[in-house]
Ligand SMILES: Nc1ncnc2c1ncn2[C@@H]1O[C@H](COP(=O)(O)OP(=O)(O)OP(=O)(O)O)[C@@H](O)[C@H]1O
Ligand SMILES: [Mg+2]
């Protein structure tokens, strides 16, 4: 993959706790297994972060870069299978409120960051705060996770509504997590799709679903990726399908690198 085919994918949700971080971690492992070079931007303010899932404890994070104490390459932590993690959850609130001088510093810092990647995954955290919205709108595409709970759907609708109305986003990939069956997942997806079509004039895309698997929690506690420990599970097969589907259907606009993305997210263009 050349520089121009870098994929920049934000993973978000309206409601918290629907499985974004677990999905991002396992999707990263799947792509690493295909020999893709993967960077995860951990911008999640939730309780369980990518570093906890992977059992790595990064020494530094984006906050140190913002303070001018570290270079970006010094805060990038090494996860399993060659996956790299840019820990940003500490400092992500500050990110959207930087002074012009801090933005300039960060942007010149970014220009020196030249590690090559094929896939850049952003775990944005949940909700409609500025940082989530900026990350989603700066990415090439957004995957929105929902569950079959009604509140997860209405919160996802609110996120999609703001991203389309205020940021001009037109393409949304929907992944249903912890569904009992494909029917269950499709029923939930269709409700969201009907509302998006009727009230936002948007056609959203069904990416698939991931089943509930009680071993997900124990894999997190063991700090090993689920798909590594349970390669033959239904969850792993479906995750692989979703991963391949994402690879096979790139968005039209594949321009941009990591610098371009962060500048856009920081509004430092
Ligand atoms: N498919 C699944 N089957 C079973 N449990 C799951 C599944 N996906 C996620 N979980 C569990 O749900 C909980 C929340 O998952 P996770 O932390 O990935 O959600 P999140 O959307 O990142 O949350 P937050 O909004 O707080 O960042 C975790 O305990 C996780 O183990
Ligand atoms: Mg999370």
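Observations on the model:
- Test for residue 148: is it part of a helix (DSSP H, G or I) and in contact with a strand residue (DSSP E or B) (Cβ under 9 Å, 6 or more places away or on another chain): no
- Test: residue in the range 124-136 that is away from ligand 1 (no atom under 16 Å from the Cβ) and surrounded by 16 or more Cβ atoms within 10 Å (Cβ to Cβ): yes
- In the range 213-228, the residues that are away from ligand 1 (no atom under 11 Å from the Cβ) and part of a helix (DSSP H, G or I): 222, 227, 228
- Taken over the range 58-88, the residue count meeting the criterion of being farther than 26 Å from residue 102 by Cβ and free of Cβ contacts under 8 Å to residues at least 40 places away in the same chain is 1.
- Residue, modelled with the lowest pLDDT, within the range 190-217, restricted to residues that are over 18 Å from the mean Cα position of the chain (by Cα) and within 16 Å of ligand 2 (Cβ to nearest atom): 217
- Top-ranked residue of the range 229-246 - restricted to ones that are surrounded by fewer than 17 Cβ atoms within 10 Å (Cβ to Cβ) and away from ligand 1 (no atom under 12 Å from the Cβ), ranked as nearest to residue 55 (Cα to Cα): 229
- The range 89-99 - residue that is assigned to a loop (DSSP other than H, G, I, E, B) and in contact (Cβ under 8 Å) with a residue 24 or more places away in the chain and, of those, farthest from the chain's Cα centre (by Cα): 98
- Restricting the range 163-179 to residues that are without any contact (Cβ under 8 Å) to a residue 40 or more places away in the chain and closer than 17 Å to residue 210 by Cβ, the residue that is surrounded by the most Cβ atoms within 10 Å (Cβ to Cβ) is 176.
Okay, residues lined up against (1) within 16 Å of ligand 2 (Cβ to nearest atom); (2) in contact with a helix residue (DSSP H, G or I) (Cβ under 8 Å, 6 or more places away or on another chain); (3) within 28 Å of residue 156 (Cα to Cα):
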{"position": "57", "(1), (2), (3)": "no, yes, no"}
{"position": "70", "(1), (2), (3)": "no, yes, no"}
{"position": "89", "(1), (2), (3)": "yes, no, yes"}
{"position": "99", "(1), (2), (3)": "no, no, no"}
{"position": "110", "(1), (2), (3)": "no, yes, no"}
{"position": "123", "(1), (2), (3)": "yes, yes, yes"}
{"position": "127", "(1), (2), (3)": "yes, yes, yes"}
{"position": "134", "(1), (2), (3)": "no, yes, yes"}
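- Checking residue 16 against (1) closer than 19 Å to residue 218 by Cβ; (2) within 16 Å of ligand 1 (Cβ to nearest atom); (3) surrounded by fewer than 20 Cβ atoms within 10 Å (Cβ to Cβ), the condition it does not meet: (1)
- Matching option when the condition is crowded, with 17+ Cβ neighbours inside 10 Å, away from ligand 1 (no atom under 14 Å from the Cβ) and under 17 Å from residue 120 (Cβ atoms), among 66, 27, 41, 62: 62
- Pairs are defined by a Cβ separation below 6 Å, a sequence spacing of at least 6 or placement on different chains, a first member in the range 207-233 that is farther than 15 Å from residue 27 by Cβ, and a second member that is within 16 Å of ligand 2 (Cβ to nearest atom) and modelled with pLDDT of 95 or more; the pairs so defined are 212/178.
- For the range 55-75, a residue qualifies if it is touching a strand residue (DSSP E or B) at 6+ places or on another chain (Cβ under 6 Å) and more than 20 Å from residue 45 (Cβ to Cβ), but none of them does.
The values are calculated or read from the model by the stated rules, or taken from the named source; none is laboratory data. It should be emphasised that the depicted structure is a prediction, and the values quoted were computed from it without experimental measurement. A quick note on method: Cβ atoms are made from the backbone with ideal geometry, for glycine too, and the neighbour counts reach across all protein chains shown.
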